[in-house]
Amino acid sequence: METMIMTNDTFTATRVAVIARRTGSTVAAGAKAMMIESAKRIMRNGVCHFLYAKKDGTLREAWGTLNRSLVEKHINGNGISREYYATTAYYDTEKGDWRSFRWENLVAIL
């Protein structure tokens, strides 16, 4: 079965492919890719409350943002985008530092 995701973001197809390969489920991959798009849209406009599984398997509840006016002083513009490593970076408003999660580990937007 083929799944086609329609979106303006060119990363969505890549996310679906990576998540499907890592999880073995194209349906779950499409759902998670769209959830990532929603989380990023929320974070660009303010703060998003979400849940993801950490590398050690524990669940992490996070409040993150990508809002330029909130994180501008914390951006240095050096390095490679976290998207290259199949992760999404966000500025953790509780910790006051950058964090990231693997695409397939996003559990929910709260």
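Overview of results
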| quantity | calculated |
| --- | --- |
| Protein accessible area in the chain, 1.4 Å probe - carbon and sulfur % | 52 |
| Accessible area per residue, Å², the chain with all protein chains present, probe 1.4 Å | 62 |
| Relative contact order, percent, the stretch 11-109 [alpha-carbon distance under 8 Å, six or more residues apart] | 28 |
| Ranked by how many other beta carbons lie within 10 Å on average, peptides 34-47, 52-65 from highest | 34-47, 52-65 |
| Between 0 and 90°, nearest 10: helix 11-23 axis offset from the chain longest Cα axis | 70 |
| R0 of 35 Å, Cβ-Cβ distance residue 68-residue 14: FRET efficiency to nearest 0.05 | 0.90 |
| Cα centroid separation, the stretch 59-84 to the stretch 96-110 (Å) | 11 |
| Nearest-ten-degree value, helix 26-45 long axis tilted from longest Cα axis of the chain | 20 |
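The values are calculated or read from the model by the stated rules, or taken from the named source; none is laboratory data. Everything numeric in this text was worked out from a predicted model, so none of it was measured. Cβ: placed from backbone, ideal geometry, glycine included. Neighbour counts: every protein chain shown. These area figures cover heavy atoms from the full protein model, side chains too; ligands, DNA and RNA do not enter into them. Shrake-Rupley method; radii C 1.70, N 1.55, O 1.52, S 1.80 Å.
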